[in-house]
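The values are calculated or read from the model by the stated rules, or taken from the named source; none is laboratory data. Computed from a predicted model, the values in this text were never measured in an experiment. No Cβ is skipped: glycine too gets one built from the backbone with ideal geometry, and neighbour counts run over all protein chains shown.
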Amino acid sequence: MKRIALSTLSLALLGAAGAAHAQSSVTLYGLIDESIQYVGQADRNNNHLFQTFAGNIQGNRFGLKGTEDLGGGLKAIFQLENGFDVNNGKLGQGGLMFGRQAYVGVTQDAYGTLTLGRQYDPLVDMVQPLTADNFFGSTFTTPGDVDNNDNSSRTNSAIKYVSPVWGGFQVEGMYALGGVAGATGAGQSWGGAATWSGGPFSVAAGYFRMENGNTLASRGITPATPTGPGTWSSGATSGATFDSQINSGYQSAKQIDITSAAGQFVTGPFTFNVRYSFAQYKPDAFSSFTTQEKFQVAGAYAGWQLTPAMLVGLGYTYTHGSGDLSASYNQVSLGADYNLSKRTDLYLLGAYQHATGTQRVNATTTQTAGASIGSYGNNALANHQEIVSLGIRHKF
């Protein structure tokens, strides 16, 4: 990262209001992650695919973040972070200018941090760092990202509080206002998480709930039959996690509840972690499905820092859907990452997934479960899929 100390004059030129303190600063940062990728059974005709693909271990981004010393240990903070596709220059996160993060707030060492804006939820902040996704990204995450382990969802209009660390223990809470007159709960999101770290052990757990933005349902107005629009409303504060055919048939859910926990143990050059999550896709009268679908996810990871420059990892993820329909997905992932410098690394990632059971396509159609690795969204009709990525990542 490049740190840029700004004087009072330069802040004024940037249009900042008020006088600048000597301790104020703004940091420009980013990363580019690009690869050559092979996907077996990549589409509905089970064709193979060779392509360049950006953002395997981390999503491509550039951003600004800064602090201003307000005195008495209190600081103002902000962060603006943009996602993009290095292959075509398009904006990420559905074309949003600062779709990854955009928030402002205050922080104080003794009392914690309060921020407002577009932000990650508590599970992403506290549980995800203790999972395989933290080391090798999308290739190691949950099929379809049904539990948001790969942070497919960000939350708008969020008010977030993060406590100081007390003896290795820290908590976080967040609430996002739906902002609909006459329907306070329409599209709201809320959740909390806690983490503890002591020596080689770390654990974290939390809960997150995201509501669909259907204001008619919030006001008690129901249709005659549950045919529903079949989509997640743009009025919801959280963008939902419909990354593949595994859960795309539940886009008309009234709400999604995710409970997640993870634990990690580090000894010498070895890192081991395990995780469990329970994601519930709940319908209402406007939904295009009538029975709740529940996804249980169990994962394990082992990493070996083979040399100071090279990390290798092995991950396994088991996902089981039940309730409305039953399907299971077994996914094995392998990864190697080699640092050429502090800012540039090369990586090789691979995964194989096998699917069984039945998936929902829409309100009236189901199909034999097809495989779809991680959060990539390559939907096969076959019950298996393979993916290999050879890439480079540069941070600045």
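Just so you know, in region 63-115 the residues that are in a strand (DSSP E or B) and of a type in the set (Ser, Thr, Tyr) include one that is farthest from GLY173 (Cα to Cα), and it is THR67.
Only a single item in (1) more than 20 Å from the chain's Cα centre (by Cα); (2) farther than 24 Å from ASN46 by Cα; (3) among the hydrophobic types (A, V, I, L, M, F, W, C) is not met by LEU325, and it is number (2). Pairs meeting the criteria (first residue in region 28-55 and farther than 24 Å from PHE135 by Cα, second residue outside any strand (DSSP E or B) and not acidic (Asp, Glu), beta carbons under 6 Å, at least 6 apart or on different chains) are GLN41/ALA380; GLN41/ALA382; ALA42/ASN378; ARG44/LEU381; ASN46/ALA380; ASN46/LEU381; ASN46/ALA382; LEU49/ALA42. Tell me whether region 62-72 contains one or more residues that are of a type outside the set (Gly, Ala, Ser), in contact with a Ser or Thr (Cβ under 6 Å, 6 or more places away or on another chain), at pLDDT 95 or above and within 16 Å of LYS160 (Cα to Cα). Within region 62-72 (the criterion being of a type outside the set (Gly, Ala, Ser), in contact with a Ser or Thr (Cβ under 6 Å, 6 or more places away or on another chain), at pLDDT 95 or above and within 16 Å of LYS160 (Cα to Cα)), the answer is no, since none of the residues qualifies. ALA262 meets each of the listed conditions (1) in a loop (DSSP other than H, G, I, E, B); (2) at pLDDT 95 or above; (3) among the small types (Gly, Ala, Ser) apart from (1).
Taking GLY357 as the residue in question, decide whether it is farther than 19 Å from ILE32 by Cα and over 23 Å from the mean Cα position of the chain (by Cα). Taking the combined requirement at face value, the residue satisfies it. Quick check on my filter: what residues within region 219-249 are among the polar types (S, T, N, Q), crowded, with 20+ Cβ neighbours inside 10 Å and at pLDDT below 90? Within region 219-249, THR241 is the sole residue that qualifies. Within region 280-312, being small (Gly, Ala, Ser) and out of contact with any Gly (no Cβ under 9 Å at 6 or more places or on another chain) holds for ALA298, ALA309. The single condition among (1) under 27 Å from PHE270 (Cα atoms); (2) surrounded by fewer than 21 Cβ atoms within 10 Å (Cβ to Cβ); (3) of a type in the set (Asp, Glu) that ASP147 does not meet is (2).
Residue-wise test of (1) crowded, with 20+ Cβ neighbours inside 10 Å; (2) out of contact with any helix residue (DSSP H, G or I) (no Cβ under 7 Å at 6 or more places or on another chain); (3) modelled with pLDDT of 95 or more; (4) within 26 Å of LEU348 (Cα to Cα).
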site: ASN60; (1), (2), (3), (4): yes, yes, yes, yes
site: ALA76; (1), (2), (3), (4): no, yes, yes, no
site: LEU80; (1), (2), (3), (4): no, yes, yes, no
site: THR115; (1), (2), (3), (4): yes, yes, yes, no
site: ASP121; (1), (2), (3), (4): yes, yes, yes, no
site: MET126; (1), (2), (3), (4): yes, yes, yes, no
site: LEU130; (1), (2), (3), (4): yes, yes, yes, yes
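From the list GLY173, GLY179, GLY185, which one is among the small types (Gly, Ala, Ser), outside any helix (DSSP H, G or I) and closer than 30 Å to THR317 by Cβ? Quick ask: steps written out before the conclusion?
Details: GLY179 fails: closer than 30 Å to THR317 by Cβ; GLY185 fails: closer than 30 Å to THR317 by Cβ.
It is GLY173.
Which one is surrounded by the most Cβ atoms within 10 Å (Cβ to Cβ), of the residues in region 45-58 that are among the hydrophobic types (A, V, I, L, M, F, W, C) and more than 11 Å from SER35 (Cβ to Cβ)? If you could, list the steps in order and put the result at the bottom.
As a first pass, look at region 45-58 and keep what is among the hydrophobic types (A, V, I, L, M, F, W, C): 49-50, 53-54, 57.
When the remaining residues are screened for being more than 11 Å from SER35 (Cβ to Cβ), the result is 49-50.
Values: LEU49: 14, PHE50: 9.
Going through the qualifying residues, I end up with LEU49.
Kindly establish whether GLY95 is among the small types (Gly, Ala, Ser) and touching a residue at least 12 places away in the same chain (Cβ under 8 Å). Answer is no for this residue.
With respect to (1) buried (at least 23 other Cβ atoms within 10 Å of the Cβ); (2) in a strand (DSSP E or B), the lone exception for SER252 is condition (2).
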